[in-house]
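Data first, discussion second: the structure below is written as structure tokens.
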Amino acid sequence: MTERFHDIAVTVNGEEVRERVDARKTLVDFLREDLALTGSHVGCEHGVCGACSVRVDGVVLRGCLMLAVQCDGARVDTIEGVADAEEITDLQQAFVARNALQCGYCTPGMLLTAQELLAGGGVPTREQIRAYLSGNYCRCTGYQAIIDAVEAVAQARAGVKS
Amino acid sequence: MKPAPFAYAKARSVAHAIELLATDDARLLAGGQSLIATLNMRLSQPALLVDINRISGLDRIVLKNGDVEIGALVRHAQAERSAEIAQAAPLIALALPHIGHPAIRNRGTVGGSLAFADPAAELPACVVALGGEIEIVGPNGQRTINAEEFFKGLFETALTPRDMLTAIRVPAASAGSRVGFAEFARRQGDYAMVGLAACAQADGKRLKDVRLAYFGLGATPVRARKAETALVDGDVEGGVSALANDLEPSNDMHASSEVKAHLAGVLLRRVARQLGRAPS
């Protein structure tokens with residue numbers, strides 16, 4: 001089959017979705033335009049900024065550097081699903097408490113990436129947090145408060161007093 | 001910033017991928033971390049994308065006959081976690097954390113990095129330093145090419161549009177192996193302004209078989225042969241001076257040739273220190 005349009009079946013935030021997609025549609029455009037899941041943001045569209053971060057089969061990827069047609073049979077989790085599952089409530093609260101966002105455009109990607117780091121266990125150093133978040137750009141707060149928030153949650157989850 | 005229309009096909013096997021590549025203007029799609037960016041920017045407009053991600057058996061890391069073989073579809077993140085890579089390809093293990101960002105490494109492939117041949121990419125230089133080999137399958141069957149002959153020019157390799165890179169092989173490290181890796185990038189995960197991948201064998205208190213591969217300085221990874229000889233003689237500063245003969249750094253948007261030449265010397269001193277240490 002060397003066609004332009006393909007039928008795909010994807011599990012998005014736990015629900016099976018069947019759609020016909022144009023091969024050229026990126027995953028993030030598919031989520032936003034076809035499924036109205038607008039929490040994943042479109043920034044640079046060439047893999048630099050991290051605003052489009054989504055989880056595919058358990059790992060965080062660039063939604064602009066994967067095609068929707070490639071997600072046939074995959075499990076996709078967006079910021080909506082991960083937040084609704086209450087997996088990152090503590091991270092969200094810490095971002096609010098530390099003012100780790102202003103416009104919020106980068107925040108969904110920051111949260112998903114930070115959660116992937118923290119899911120690895122242990123308390124990462126600030127350097128490790130910076131390195132892990134290096135592919136997620138924030139253009140308004142600067143990064144200090146974001147690192148603070150992630151560090152605070154890492155310590156809280158590990159039962160360390162900050 | 002949306003791709004031009006193209007057809008898409010999932011290859012079921014390497015043979016099927018080669019068959020699909022017979023279409024004019026077909027391109028292989030692996031991790032897509034460079035290709036899809038160029039599609040989005042319409043820097044490339046293929047007629048057909050041949051997706052090789054579902055081909056089984058290409059995502060293995062195996063030790064055989066004294067070599068480490070890394071399948072084309074091994075993701076950078078998978079290689080980063082691999083005990084085989086840590087043990088038997090420590091140079092690649094040192095380089096992996098410098099490649100892009102975690103989300104890029106989760107998806108990008110070792111084969112794709114080699115096939116794309118970005119002059120500032122880490123893995124091509126590692127494979128050149130290690131004297132590795134590239135496995136290629138094309139319409140006329142399989143062939144093997146030395147890494148140094150594989151990289152032909154700027155984004156240009158020995159691959160034809162009908163070929164597929166299926167694996168890379170590098171000699172497995174032994175007790176006497178020494179490796180070093182360092183790069184300058186403006187920010188964590190950016191492409192390197194200048195980088196250096198190096199390996200050698202310990203020879204008593206000295207080094208032999210020193211191989212230095214610079215990246216980010218020219219169209220392809222560049223061996224610094226006179227500096228290699230100086231390091232074998234134990235003369236690091238002589239090696240730094242020799243770089244003036246070995247390298248012809250080109251200007252790019254990040255740095256002038258003078259800055260790059262200076263940084264190449266700084267990297268040589270750092271990497272020489274790493275080569276002097278036994279792995280921990």
**Prompt:** Arranged from highest to lowest average of other beta-carbon atoms within 10 Å per residue, in what order do the peptides A:74-83, B:60-69 appear?
**Reply:** A:74-83, B:60-69
**Item:** Averaged over B:28-38, number of beta-carbon atoms from partner chains that fall within 10 Å
**Value:** 4
**About the Cα centre, charge dipole magnitude for region A:10-133 (Lys/Arg +1, Asp/Glu -1 at Cβ), debye** = 440
**Message:** Using alpha carbons only, how many angstrom separate the centre of region A:16-34 from the centre of region B:52-113?
**Reply:** 29
**Complete:** In chain B, whole DSSP H helices that both stretch 20 Å or further along their axis by alpha carbon positions and average at least -1.0 on the Kyte-Doolittle scale are B:257-275
**Item:** Structure-based [θ]222 nm, chain B - -39500 (n - 2.57) summed over DSSP H runs of at least 4, per residue, nearest 500
**Value:** -9000 deg cm²/dmol
**Prompt:** Peptide A:62-74: average number of partner chain Cβ atoms within 10 Å per residue?
**Reply:** 5
**Message:** If you take each beta carbon of peptide A:43-54 and count the beta carbons of other chains within 10 angstrom, what is the mean?
**Reply:** 4
**Asked** Is it possible to state the helix-based mean residue ellipticity at 222 nm for chain A, with each DSSP H run of 4+ residues giving -39500 (n - 2.57), the sum divided by total residues, to the nearest 500 deg cm²/dmol? What is it?
**Response** -9000 deg cm²/dmol
**Complete:** In a Gaussian network model of chain B with springs linking alpha carbons closer than 10 Å, the residue among B:103, B:129, B:72 that fluctuates most is B:103
**Cβ-based exposure ranking for B:51, B:25, in which fewest neighbours within 10 Å come first** = B:25, B:51
**Asked** Rg and Dmax of the protein assembly as shown, using alpha carbons, in Å: what are they?
**Response** 22.4, 66
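What value does region B:177-274 have for Rg/Rh, both radii from Cα atoms and Rh as Kirkwood defines it?
Numbers: Rg = 12.8 Å, Rh = 13.3 Å.
Across region B:177-274, the Cα-based Rg/Rh ratio is 0.97.
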**Request:** Report the one residue of B:142, B:159, A:141 whose Cα lies farthest in the direction of the positive end of the charge dipole of the protein assembly as shown (charges on C-beta: Lys and Arg +1, Asp and Glu -1; origin at the Cα centre).
**Result:** A:141
**Asked** How many angstrom separate the Cα center of region A:42-95 from the Cα center of region A:107-146?
**Response** 14
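Is there a quick way to get the dipole size of the protein assembly as shown? I mean about its Cα centre, with the Cβ of Lys and Arg at +1 and of Asp and Glu at -1; what is the value in debye to the nearest 20?
Working: 46 positive and 51 negative charges, 172 e Å.
My answer is approximately 820 debye.
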**Complete:** In cubic angstrom per residue, the convex hull of chain B built on its Cα atoms measures 122
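Ranked highest first by average number of other Cβ atoms within 10 Å, how do B:239-246, B:188-195 line up? Don't skip to the answer; put the middle values down first.
Details: B:239-246: 18.4, B:188-195: 21.4.
Top to bottom by mean Cβ count within 10 Å: B:188-195, B:239-246.
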**Item:** Protection-proxy order for peptides A:108-116, B:203-211, each taking the mean of Cβ atoms within 10 Å per residue, highest first
**Value:** A:108-116, B:203-211
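All of the numbers you see were taken from the coordinates with simple rules; none came from a lab. Being a predicted model, the structure only gives us computed values, none of them experimental. Neighbour counts are summed over all protein chains in view; Cβ atoms, including those assigned to glycine, are modelled from backbone coordinates with ideal geometry.
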